[in-house]
Amino acid sequence: MKFPARLSLAAIAVALALGAGYWAGSRHGLHPAAEPPVAPTAVTAPTAPAGTAPAASSERKVLYYRNPMGLPDTSPVPKKDPMGMDYLPVYADEAPDDRGVVRVSPARVQVLGVKTALVETRALDAPVRAVGRVEVNERAVFEVAPRFEGWIERLHVNAVGDPVRRGQPLFTVYSPELQSADEELRIAERLQRDSADADPLAAAAAARLAEATRARLRNWEVAPGTQRQTFHAPANGIVLEKNAVQGARFMPGQAIYRIADLSTVWVMADVFEQDLARVARGQPARAVFDALPGRDFAARVAYVSTLLDTATRTTRVRLELDNRAGLLRPGMFAHVELARAPSVPRVVVPASAVIDDGHRQVVLLALGEGRFRPQPVKLGRRGRDDVEVLDGVQSGDRVVVSANFLIDSESRLKAALSNLGDADTHAGAATPAPPATPAFEADGVLEEIDAAANSVTLTHGAIPALKWPEMTMDFGLASPEVAAGISPGTRVRFRFEQRAPGEFVVTRIERTAGTSK
């Protein structure tokens with residue numbers, strides 16, 4: 001009984017061996033009669049190359065984050081767009097995107113005069129800029145006003161704007177009050193002399209009267225014995241005002257002349273509220289004037305007002321300038337730069353590298369080998385020759401500083417042609433077919449139709465292909481007939497295409513089950 005059992009066990013082992021060989025041969029596509037049997041090691045699982053970590057444990061490096069709507073906007077850190085959608089990561093192992101890159105031959109680079117500069121991290125020379133006006137130094141303004149009543153007999157300086165020197169005669173006056181005071185003084189002095197021996201009390205009274213008369217003349221700034229007084233210029237300067245004519249009567253305290261010394265002048269500048277922290281008294285400054293092109297004047301901050309103009313959100317700052325040459329005139333318009341200490345290091349580019357068309361600010365990155373790419377940037381403070389870049393480039397990048405407008409125009413032309421097809425074709429080769437426009441489908445609710453703008457508003461669910469969450473957004477219409485006969489509030493299934501970065505156009509709309517929200 002044991003012998004047949006051994007035979008049956010041997011037969012089963014042979015059958016298993018034959019089955020394993022057949023399975024191994026069929027797995028590798030080999031016919032047993034045509035190819036030798038496959039060794040058992042050939043069917044083992046392939047091993048990873050030496051030094052390579054398993055895919056599950058490797059971490060992909062993120063280069064930057066791109067706009068989820070396809071707009072030319074990137075960020076070095078995760079963020080959301082205005083619609084609340086997350087920016088999408090771009091990894092180092094992904095194929096580089098050459099859209100918008102312009103290639104210029106070395107010969108053409110020389111012809112265009114393309115120059116580049118490195119993006120640097122350093123202190124930004126960012127002075128505070130303001131506008132102002134030249135005004136008279138109020139500390140050097142003099143008014144000539146008699147302290148008594150009289151008439152102007154003669155004007156020696158008879159025009160506004162005439163220069164005068166200190167001590168120069170201005171006008172001569174006649175005054176009955178001067179004549180009366182002078183006569184009173186003579187009578188008191190004679191009475192004092194005549195009664196000195198005969199009547200001491202009368203002599204004392206006459207002396208007091210004479211002294212009172214002399215004090216009155218001193219207060220009038222007139223010497224005793226003067227009946228006609230000539231007034232002189234109190235300082236060197238310019239006649240700003242002349243308020244009398246020859247023969248006119250004047251009253252006590254009336255200003256006849258107003259004279260200003262213009263050897264120093266003030267510039268009153270209006271500094272914006274956000275710049276006040278960078279302005280201090282005694283700070284050096286520089287002023288230039290439209291009337292004097294090519295020249296600048298050193299100045300210093302003499303006063304910073306404690307009041308703020310609520311209408312303009314500015315504060316007045318007073319600068320003092322030397323004007324001994326007489327070039328600056330009250331009323332001139334001034335451009336002021338207030339110097340300040342170097343700030344903290346910042347990422348800066350030359351101001352000529354920035355292209356600003358009012359809607360975007362870009363620089364042209366020099367990628368090497370004649371390749372250039374427009375890069376949107378976010379700008380900060382502006383210096384005299386440089387500008388701070390808050391986002392878009394980093395220190396060490398190379399940007400174009402001359403001929404950048406020509407390259408940017410060529411980049412825009414390439415982007416426009418890319419919608420029509422591949423413009424880079426080899427000589428003699430057949431023109432390739434235009435690339436297929438990306439199309440997507442989704443379910444949603446038609447919220448609104450704007451016939452004037454040829455657009456619709458749709459609320460749709462998540463679209464994994466675009467990594468879009470559920471949201472409500474506007475789409476363009478391929479034609480007005482696409483939404484014909486469909487009223488707002490209808491549940492629909494729609495098809496749309498991405499025809500340009502950020503441009504999505506609906507090409508078909510169909511009703512689905514349930515015609516309302």
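The number of residues in segment 283-296 that are farther than 15 Å from Ala130 by Cα and either among the hydroxyl-bearing types (Ser, Thr, Tyr) or open to solvent by less than 70 Å² (accessible area, probe 1.4 Å) (or both) comes to 2. If you go through segment 334-344 and pick out every residue that is in contact with a Phe, Trp or Tyr (Cβ under 7 Å, 6 or more places away or on another chain) and open to solvent by 30 Å² or more (accessible area, probe 1.4 Å), you end up with 0. Scanning segment 406-423 for any residue that is crowded, with 18+ Cβ neighbours inside 10 Å and at pLDDT 90 or above turns up nothing. Remark: Val77 falls outside the filter, which requires a residue to be of a type in the set (A, V, I, L, M, F, W, C) and open to solvent by less than 30 Å² (accessible area, probe 1.4 Å). Filtering segment 302-326 to residues that are among the charged types (D, E, K, R) and either surrounded by fewer than 11 Cβ atoms within 10 Å (Cβ to Cβ) or in contact with a Cys (Cβ under 8 Å, 6 or more places away or on another chain) (or both) leaves only Arg324.
Output the qualifying pairs, or none if there are none: Cβ atoms under 7 angstrom, residues six or more apart or on different chains, first residue in segment 309-333 and among the β-branched types (Val, Ile, Thr), second residue assigned to a strand (DSSP E or B) and open to solvent by 70 Å² or more (accessible area, probe 1.4 Å). Filtered contacts from segment 309-333: Thr314/Phe272.
Taking first residues from segment 94-111 that are more than 11 Å from Pro374 (Cα to Cα) and partners that are surrounded by 10 or more Cβ atoms within 10 Å (Cβ to Cβ) and modelled with pLDDT of 75 or more, the Cβ contacts under 7 Å between residues at least 6 apart in sequence or on separate chains come to Arg103/Gly370; Arg103/Arg371; Val104/Gly370; Val104/Phe372; Ser105/Gly370; Pro106/Gly370; Val109/Gly370. Being touching a Ser or Thr at 6+ places or on another chain (Cβ under 9 Å), farther than 22 Å from Asn67 by Cα and assigned to a strand (DSSP E or B) is the requirement here; does Ala334 meet it? No; evaluated as a whole, the condition is false for this residue.
Right, Asp275: open to solvent by 30 Å² or more (accessible area, probe 1.4 Å) and within 30 Å of Gly331 (Cβ to Cβ) or not? No; evaluated as a whole, the condition is false for this residue. If you go through segment 236-252 and keep only what is open to solvent by 60 Å² or more (accessible area, probe 1.4 Å) and either under 14 Å from Ser175 (Cβ atoms) or among the charged types (D, E, K, R) (or both), you end up with Glu241, Arg249, Met251, Pro252.
Restricting to segment 362-376, name every residue that is touching a helix residue (DSSP H, G or I) at 6+ places or on another chain (Cβ under 9 Å), closer than 17 Å to Arg66 by Cβ and not charged (D, E, K, R). Within segment 362-376, Val362, Pro374 meet the criteria. The residues listed here are Val173, Val245; of these, the one that is among the hydrophobic types (A, V, I, L, M, F, W, C) and more than 60 Å from the chain's Cα centre (by Cα) is Val173.
On the stretch given as segment 178-228, residues that are touching a Phe, Trp or Tyr at 6+ places or on another chain (Cβ under 6 Å) and either among the hydroxyl-bearing types (Ser, Thr, Tyr) or surrounded by 16 or more Cβ atoms within 10 Å (Cβ to Cβ) (or both) total 1.
The values are calculated or read from the model by the stated rules, or taken from the named source; none is laboratory data. Bear in mind that the values here come from a model prediction, so they are computed numbers and not experimental data. Please note: Cβ atoms are built from the backbone with ideal geometry, for glycine as well, and neighbour counts cover all protein chains shown. Just the protein is used for accessible areas: all its heavy atoms, side chains included, with ligands, DNA and RNA removed. Shrake-Rupley method; radii C 1.70, N 1.55, O 1.52, S 1.80 Å.
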